[in-house]
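> A single structure is presented below for examination.
The values are calculated or read from the model by the stated rules, or taken from the named source; none is laboratory data. Quick caveat: nothing in here was measured; it's all calculated off a predicted structure. Positions of Cβ are generated from backbone atoms using ideal geometry, with glycine treated the same way; all protein chains shown enter the neighbour counts.
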Amino acid sequence: MPPVRIAVLADIHGNADALRAVLKDAAEQGAERLIVNGDVVNRGPDSVQVMEELLARDDTSFVLGNHDDLLRLWHTRSDKLPQDWYDDPFWGATAWSTEQLHAAGLLDVPGDWPLTARLSAPGLPDVLLAHGTPDDYRRGLSERTDPALVRRIADESGAGVLVGSHIHRQADALVGDVRVLNTGAVGSSADGDPRAQYLLLTATPRGWDVQLRRVPYDRSGVLRRFETSGLLQTALSAQIFRDELLTARSLYTPYWEWTEGQGEARTAESWQRFRGAEG
């Protein structure tokens with residue numbers, strides 16, 4: 001039942017060193033095919049490099065992630081995004097990554113990527129993959145997902161295994177009779193463990209064998225490139241992305257929610273107040 005072993009990786013977020021570590025591990029584990037489950041680009045300094053390396057492979061397919069789509073929307077100043085974002089200095093890191101991909105001729109490549117992928121093997125439940133959910137690439141799947149939503153997705157798709165990404169942490173849970181998996185993040189984990197994360201699925205006569213793998217890598221190179229590439233100098237958001245890589249914790253979303261709750265502008269001063277309040 002080919003392909004037998006599939007590596008599913010996601011949330012690379014412009015981190016070439018983490019990607020190379022995962023690709024090496026996947027090859028050593030005998031992966032015959034790669035599925036990139038969204039968010040190849042943005043946040044880190046290496047969006048062009050990771051896109052080029054993955055597109056050069058002949059064993060790789062892609063699912064669209066919210067950051068892959070965001071940069072395309074940003075370039076056209078789409079009305080799908082709040083219009084005040086385009087002139088807000090906070091978003092300088094997104095503007096920088098957009099320009100890097102545009103200059104390399106890669107910005108529009110994700111326009112052909114689907115929102116879902118599917119794996120089928122004889123005698124096994126189908127596996128449905130989406131960066132978030134099939135109808136919302138910003139909604140992550142995990143053991144915390146509403147069972148009614150899991151049931152609806154499974155019923156509509158006919159899949160017995162659902163694979164998501166987006167939340168930057170791994171998960172393996174049985175929700176009702178549906179297995180829910182999350183790949184975690186290659187480029188910026190959010191569970192306190194800095195290793196690069198991915199999912200290895202193997203079709204066996206007994207069912208889908210699941211391995212949630214974590215791969216160590218040297219972060220010094222990508223952290224240095226935040227500075228040498230010019231990304232770190234673009235905006236506060238770039239500093240937050242770098243701090244997430246350093247801490248292996250989610251900081252961007254909690255900070256965003258804190259500023260909205262406090263009525264604070266997103267500035268270096270409010271960032272320091274947030275970190276102080278965070279303890």
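> Of the numbered conditions (1) of a type in the set (Lys, Arg); (2) in the same structural domain as Leu34 (by TED's automatic domain parsing); (3) buried (at least 20 other Cβ atoms within 10 Å of the Cβ), Arg225 satisfies every one except a single condition; which is it?
So the condition that Arg225 fails would be (2).
Listed here are the residues, each with its yes/no results for (1) touching a residue at least 24 places away in the same chain (Cβ under 8 Å); (2) out of contact with any strand residue (DSSP E or B) (no Cβ under 7 Å at 6 or more places or on another chain); (3) surrounded by 19 or more Cβ atoms within 10 Å (Cβ to Cβ); (4) under 15 Å from Leu245 (Cα atoms).
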position: Arg5; (1), (2), (3), (4): yes, no, no, no
position: Ile12; (1), (2), (3), (4): yes, yes, yes, yes
position: Asn15; (1), (2), (3), (4): yes, yes, yes, yes
position: Arg33; (1), (2), (3), (4): yes, no, no, no
position: Val40; (1), (2), (3), (4): yes, yes, yes, no
position: Arg43; (1), (2), (3), (4): yes, yes, yes, yes
position: Glu53; (1), (2), (3), (4): yes, yes, no, no
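> Among the candidates Arg20, Arg72, Arg57, which residue alone is surrounded by fewer than 24 Cβ atoms within 10 Å (Cβ to Cβ), assigned to a helix (DSSP H, G or I) and without any contact (Cβ under 8 Å) to a residue 40 or more places away in the chain? Spell out the reasoning first.
On the way: Arg20 fails: without any contact (Cβ under 8 Å) to a residue 40 or more places away in the chain; Arg57 fails: assigned to a helix (DSSP H, G or I).
Residue meeting the stated conditions: Arg72.
> Answer yes or no as to whether Phe241 is closer than 21 Å to Asp17 by Cβ and either touching a Phe, Trp or Tyr at 6+ places or on another chain (Cβ under 7 Å) or assigned to a helix (DSSP H, G or I) (or both).
Details: closer than 21 Å to Asp17 by Cβ: yes; either touching a Phe, Trp or Tyr at 6+ places or on another chain (Cβ under 7 Å) or assigned to a helix (DSSP H, G or I) (or both): yes.
Considered against the rule, which asks whether it is closer than 21 Å to Asp17 by Cβ and either touching a Phe, Trp or Tyr at 6+ places or on another chain (Cβ under 7 Å) or assigned to a helix (DSSP H, G or I) (or both), Phe241 comes out as yes.
> Which is over 30 Å from Ala26 (Cβ atoms) and among the acidic types (Asp, Glu), of Glu264, Glu244? Outline the logic, then answer.
Values: Glu244 fails: over 30 Å from Ala26 (Cβ atoms).
Residue meeting the stated conditions: Glu264.
> Please go through region 209-238 and pick out each residue that is outside any helix (DSSP H, G or I) and in contact with a helix residue (DSSP H, G or I) (Cβ under 9 Å, 6 or more places away or on another chain).
Arg213, Val215, Pro216, Tyr217, Asp218, Arg219, Ser229, Gly230, Thr234, Ala235
> Does Asp79 qualify as being in a loop (DSSP other than H, G, I, E, B), out of contact with any Lys or Arg (no Cβ under 7 Å at 6 or more places or on another chain) and buried (at least 23 other Cβ atoms within 10 Å of the Cβ)? Can you show your working first?
Working: in a loop (DSSP other than H, G, I, E, B): yes; out of contact with any Lys or Arg (no Cβ under 7 Å at 6 or more places or on another chain): yes; buried (at least 23 other Cβ atoms within 10 Å of the Cβ): no.
For Asp79, the condition - in a loop (DSSP other than H, G, I, E, B), out of contact with any Lys or Arg (no Cβ under 7 Å at 6 or more places or on another chain) and buried (at least 23 other Cβ atoms within 10 Å of the Cβ) - is not met.
> Evaluate region 269-278: report whether one residue or more is at pLDDT below 95 and part of a loop (DSSP other than H, G, I, E, B).
no
> For region 175-221: of the residues being in contact with a Pro (Cβ under 7 Å, 6 or more places away or on another chain) and touching a residue at least 24 places away in the same chain (Cβ under 8 Å), which is surrounded by the most Cβ atoms within 10 Å (Cβ to Cβ)? Even if it seems obvious, please write down each step before you answer.
Start the filter on region 175-221 by keeping residues that are in contact with a Pro (Cβ under 7 Å, 6 or more places away or on another chain), which leaves 175-176, 195, 219.
Checking which are touching a residue at least 24 places away in the same chain (Cβ under 8 Å) leaves us with 175-176, 219.
Values: Val175: 20, Gly176: 11, Arg219: 17.
Only one residue fits best here, namely Val175.
> Is there any pair linking a residue in region 262-279 that is surrounded by 15 or more Cβ atoms within 10 Å (Cβ to Cβ) to one that is of a type in the set (D, E, K, R) and not in a loop (DSSP other than H, G, I, E, B), with Cβ under 8 Å and at least six apart or on different chains, and which?
Partner pairs satisfying both residue conditions: Glu264/Arg273.
> Of Ile12, Ile35, which residue is touching a helix residue (DSSP H, G or I) at 6+ places or on another chain (Cβ under 6 Å) and in the same structural domain as Leu162 (by TED's automatic domain parsing)? Working first, answer last.
Values: Ile35 fails: touching a helix residue (DSSP H, G or I) at 6+ places or on another chain (Cβ under 6 Å).
Only one candidate qualifies: Ile12.
> Of the residues that sit in region 89-132 and are more than 23 Å from Thr60 (Cα to Cα) and aromatic (Phe, Trp, Tyr), which one is surrounded by the fewest Cβ atoms within 10 Å (Cβ to Cβ)?
Phe90
> Take Thr234 and decide whether it is of a type in the set (Val, Ile, Thr), more than 19 Å from the chain's Cα centre (by Cα) and surrounded by fewer than 12 Cβ atoms within 10 Å (Cβ to Cβ). Give the steps one after another, and end with the answer.
Values: of a type in the set (Val, Ile, Thr): yes; more than 19 Å from the chain's Cα centre (by Cα): yes; surrounded by fewer than 12 Cβ atoms within 10 Å (Cβ to Cβ): no.
Considered against the rule, which asks whether it is of a type in the set (Val, Ile, Thr), more than 19 Å from the chain's Cα centre (by Cα) and surrounded by fewer than 12 Cβ atoms within 10 Å (Cβ to Cβ), Thr234 comes out as no.
> Please list, ordered by first then second residue, the pairs with beta carbon atoms under 6 Å, 6 or more apart or interchain, first in region 244-255 and under 16 Å from Phe226 (Cα atoms), second hydrophobic (A, V, I, L, M, F, W, C) and modelled with pLDDT under 95.
That search, which allows pairs on different chains as well, returns nothing.
> Next question. Can you tell which of Leu124, Leu119 is within 22 Å of Ala185 (Cα to Cα) and touching a residue at least 12 places away in the same chain (Cβ under 8 Å)?
Values: Leu124 fails: within 22 Å of Ala185 (Cα to Cα).
After ruling out the rest, the residue left standing is Leu119.
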